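Asks: After the structure tokens below, expect a handful of questions from me.
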Amino acid sequence: MVLAADDTLRLDASAVDYGLVLAYFAVVLLIGFAARRRVSDSLDFFLSGRSLPAWVTGLAFISANLGAVEIIGMSANGAQFGMATFHYFWIGAVPAMLFLGVVMMPFYYGSKVRSVPEFMRRRFGTGAHLVNALSFALAQVLIAGINLYLLATIVNALLGWPLWISLILAAAIVLTYITLGGLSAAIYNEVLQFFVIIAALLPLTLIGLHRVGGVSGLIDKVTASPGGDEQLQSWPGTGLSAIGNPVLSVIGIVFGLGFVLSFGYWTTNFVEVQRAMATKSLSAARSTPVIGSFPKMFIPFIVIVPGMIAAVLVSSIRDAKAAGETVDYNNSILLLIRDVLPNGLLGVAIAGLLAAFMAGMAANISAFNTVFSYDLWQQYVKKDRPDGYYLKVGRLATVGATVVAIFTALIASQYTNLMDYLQTLFGFFNAPLFATFILGMFWKRMTPTAGWTGLVSGTAAAVFVYVLSKTGTIGITGQGASFVAAGAAFVVDIAVSVVVSMVTTPKPVAELAGLVYSETPKEQRTDPDAHLLSWYRSPTKLAGLSLVLVVILNVIFR
Amino acid sequence: MSTGSNATPDVGANASDAGRKHTAGAYDVRTVIAGLIGLYGLVLTIMGIVDYDDAARAKTGDVNANLWSGIVMIVVAVVFALWLRLRPVVVDPATVRAEAGEGTSDGSDSAHA
């Protein structure tokens, strides 16, 4: 068990720290309570959106994703691989967010597609829908396990209880949060959470830099560390991808991480997409991911850099890395918090981390709940029952999924770098989904049979690559293996879909309106008032600016 | 701006708020941000003044991190409060009521609604 080695990770929280944590949760629960009671028009306005200011939806958009993965995973990656981790932001997330805003959003906004399973059902019928709903439900429970494990790590670091008791306590906290209505004010909480996390991570980074002697001190210390100079260069990223050949490594990062994994994540993640749809016009919806891309491109400085600082400043990581032992990189940022934040700021940091992990897990659980009750149970098990029946199924599913997450958290606890695990899951589930989604959306000839066979064969290809890498048949491990698996899943999915489409019958074109790009009327995809907007409200011009900035960042930190 | 239903003379209380715009006030997300970050800023500033001991010095490398972070947070809170005052978000209750129930959050709460 990984945590056994971490007896030293103890956050020495004082009464003031606990007070700051409690203040945060009091605010969140009060908002949740008010939201469920619908106490005010103003609150309704903030929940249902429709004319929310763009900065609110833009921040909610990235905050929904600034969870466990971002904070723990990216800092772990920074500690292990150094600057190559920047690719997740500047090759991965930002271009994918711009693609979502510029290319995909008009289609989503104009068509009646509101979730991925719904798209699958209407575009391909029950076969693809069932495969997608099952794999989505499984993915949510596995990812909920990651969030729960991280939540338990913090409980463990605060109270010193063993992993399994911490897990049960963490699960109870999440259930309480869901039951008390924490999720009914999701957009609202996400914006608040964003500021608390920045308030914790920015001082952490600055004090950490001060402790290592500023930027030059960090450069000297990283150069002298086992990773050496290579950790200060983002290309060709052979450490990150674990692909020895530099050219293949670049291809793996650009195609596997940049194109398949990131575009797949951002275009098919409807929890994100719906943040953007809570705006008043198509232009505002398109602007949401574009506006979000600006803060997003600077987030690596407060998550990856602290990881790099932790690797040279925190003695247990530094020594283990120097001795070539296995290091549990997941704890990097927690160890840095322990070592540099005084009581007071410590409380802000704990509040921010607990909030992010809890909200992340609650979102996974309730996404599972929705898919389980409506897409699986209502569709395939018991049809035509009253609404109350499905609500009851939903509540049971929430409790069931939380219990199962305790066990999937144990799987997550086996990984010394959670990004390895998470990217593997994305390769299995997101990469084939993205292939089927994008092909089905732009190619009207694609048939219902191709829909589900493509998904199944894509996932099978990713699992096959994963097994090959685990058994050592191909010499690629870690995140490089997930990039390759994702690439394989994408290519196999497309190939199988095209071949199967050739020999099976497509749906009549009349049924594809709003589901296939070419069959969706242009009026639905364009904003009549777009030309009236000033340049800083125009999504395409803003996207251009964002792209220029991210290219500059890529060049400076190459 | 009156709607057809408001034109009927005897709806009384109902007509008084329908169609009239008011600001989001306490439920504007900026109020909550200013409140919480301001509270954190106050607590940290006080911690920085009264509890800047050797243990804290050793952790931060002789920078009074609580004090400085606290001051910055108070400034951020004041900026949000000013922004809130100068540019209030205006809510039209009629539209909110018409749209209540659709487009709420991410759909994840649909099973709890």
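The values are calculated or read from the model by the stated rules, or taken from the named source; none is laboratory data. Every value quoted in this text rests on a predicted model; they were computed, and no experiment measured them. Reconstructed Cβ throughout: ideal geometry from the backbone, glycine too, with neighbour counts over all protein chains shown. Ligands, DNA and RNA are excluded from the accessible area calculation, which covers all protein heavy atoms including side chains. Shrake-Rupley method; radii C 1.70, N 1.55, O 1.52, S 1.80 Å.
Asks: For A:THR398, work out the one condition from (1) touching a residue at least 40 places away in the same chain (Cβ under 8 Å); (2) under 30 Å from A:PHE89 (Cβ atoms) it doesn't fulfil.
Replies: Failed condition: (2).
Asks: Considering only helices (runs of 4 or more DSSP H) fully contained in region A:71-146, which possess at least 3 residues that are within 20 Å of the chain's Cα centre (by Cα)? Before you say what the answer is, go through the steps one by one.
Replies: On the way: elements: A:74-81, A:94-99, A:105-110, A:116-124.
Per the criteria, A:74-81, A:94-99.
Asks: Looking at the structure I just gave you, is A:SER373 within 24 Å of the chain's Cα centre (by Cα) and farther than 30 Å from A:PHE259 by Cα? Working first, answer last.
Replies: Numbers: within 24 Å of the chain's Cα centre (by Cα): yes; farther than 30 Å from A:PHE259 by Cα: yes.
For A:SER373, the condition - within 24 Å of the chain's Cα centre (by Cα) and farther than 30 Å from A:PHE259 by Cα - is met.
Asks: Is it true that A:LYS383 is open to solvent by less than 30 Å² (accessible area, probe 1.4 Å) and either under 30 Å from A:ASP220 (Cβ atoms) or part of a loop (DSSP other than H, G, I, E, B) (or both)?
Replies: On the way: open to solvent by less than 30 Å² (accessible area, probe 1.4 Å): no; either under 30 Å from A:ASP220 (Cβ atoms) or part of a loop (DSSP other than H, G, I, E, B) (or both): yes.
Taking the combined requirement at face value, the residue does not satisfy it.
Asks: Being at negative phi, more than 22 Å from the chain's Cα centre (by Cα) and polar (S, T, N, Q), is that true of even one residue in region A:158-168? Please lay out each step first, then the result.
Replies: Taking region A:158-168 as the starting set, the residues that turn out to be at negative phi are A:158-159, A:161-168.
Add one more test, that the residue is more than 22 Å from the chain's Cα centre (by Cα), and what stays is A:158-159, A:161-166, A:168.
Within this subset, residues satisfying the condition of being polar (S, T, N, Q) are A:166.
Among the residues of region A:158-168, at least one is at negative phi, more than 22 Å from the chain's Cα centre (by Cα) and polar (S, T, N, Q), which makes the answer yes.
Asks: Working carefully through the options A:ALA363, A:ALA397, find the one that is among the small types (Gly, Ala, Ser) and under 20 Å from A:ILE71 (Cα atoms).
Replies: Every option except A:ALA363 fails the conditions.
Asks: Output the residues belonging to region A:244-255 that are open to solvent by 50 Å² or more (accessible area, probe 1.4 Å) and among the small types (Gly, Ala, Ser).
Replies: The answer is A:GLY244, and nothing else.
Asks: Mind telling me which of the residues A:ILE168, A:ILE187 ends up being open to solvent by less than 20 Å² (accessible area, probe 1.4 Å) and either away from chain B (no Cβ under 11 Å) or in a helix (DSSP H, G or I) (or both)?
Replies: Details: A:ILE168 fails: open to solvent by less than 20 Å² (accessible area, probe 1.4 Å).
None of the others qualify; the one that does is A:ILE187.
Asks: Pull out all pairs, ordered by first then second residue, where Cβ-Cβ is under 8 Å, the residues are six or more apart or on different chains, the first lies in region B:53-70 and is open to solvent by 30 Å² or more (accessible area, probe 1.4 Å), and the second is part of a loop (DSSP other than H, G, I, E, B) and not acidic (Asp, Glu).
Replies: From region B:53-70, the pairs are B:ALA55/A:PRO342; B:LYS59/A:LEU341; B:LYS59/A:PRO342; B:LEU67/B:TYR52.
Yes/no matrix, rows are residues, columns are (1) in a helix (DSSP H, G or I); (2) open to solvent by less than 30 Å² (accessible area, probe 1.4 Å); (3) polar (S, T, N, Q); (4) at pLDDT below 75:
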position	(1), (2), (3), (4)
A:GLU230	yes, no, no, yes
A:GLY239	yes, no, no, yes
A:LEU257	yes, yes, no, no
A:GLY264	yes, yes, no, no
A:THR267	yes, yes, yes, no
A:PRO295	yes, no, no, no
A:ILE302	yes, yes, no, no
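Asks: A further question follows. How about region A:269-281: which of its residues are of a type outside the set (Phe, Trp, Tyr) and open to solvent by 10 Å² or more (accessible area, probe 1.4 Å)?
Replies: Taking region A:269-281 and keeping what is of a type outside the set (Phe, Trp, Tyr), we get A:269, A:271-281.
A:ASN269, A:VAL271, A:GLN274, A:MET277, A:LYS280, A:SER281, listed by residue number.
Asks: Please go through region A:347-375 and give me each residue that is within 18 Å of A:VAL155 (Cα to Cα) and more than 9 Å from chain B (Cβ to nearest Cβ), ordered by number.
Replies: The initial filter retains those residues of region A:347-375 that are within 18 Å of A:VAL155 (Cα to Cα), namely A:347-362.
Hits for region A:347-375 are A:ALA349, A:ILE350, A:GLY352, A:LEU353, A:LEU354, A:ALA355, A:ALA356, A:PHE357, A:MET358, A:ALA359, A:GLY360, A:MET361.
Asks: Has region A:381-395 got at least one residue that is modelled with pLDDT of 85 or more, away from chain B (no Cβ under 13 Å) and closer than 29 Å to A:VAL463 by Cβ?
Replies: Yes.
Asks: Something else now. Being open to solvent by 40 Å² or more (accessible area, probe 1.4 Å) and more than 10 Å from chain B (Cβ to nearest Cβ) is the filter; apply it to region A:190-223 and report the residue that is nearest to B:GLY35 (Cα to Cα).
Replies: A:VAL215
Asks: Of all residues in region A:322-346, which are among the polar types (S, T, N, Q), closer than 30 Å to B:ASN64 by Cβ and more than 10 Å from chain B (Cβ to nearest Cβ)?
Replies: Start the filter on region A:322-346 by keeping residues that are among the polar types (S, T, N, Q), which leaves A:326, A:330-332, A:343.
Next, only the ones that are closer than 30 Å to B:ASN64 by Cβ stay: A:331-332, A:343.
Across region A:322-346, the qualifying residues are A:ASN331, A:SER332.
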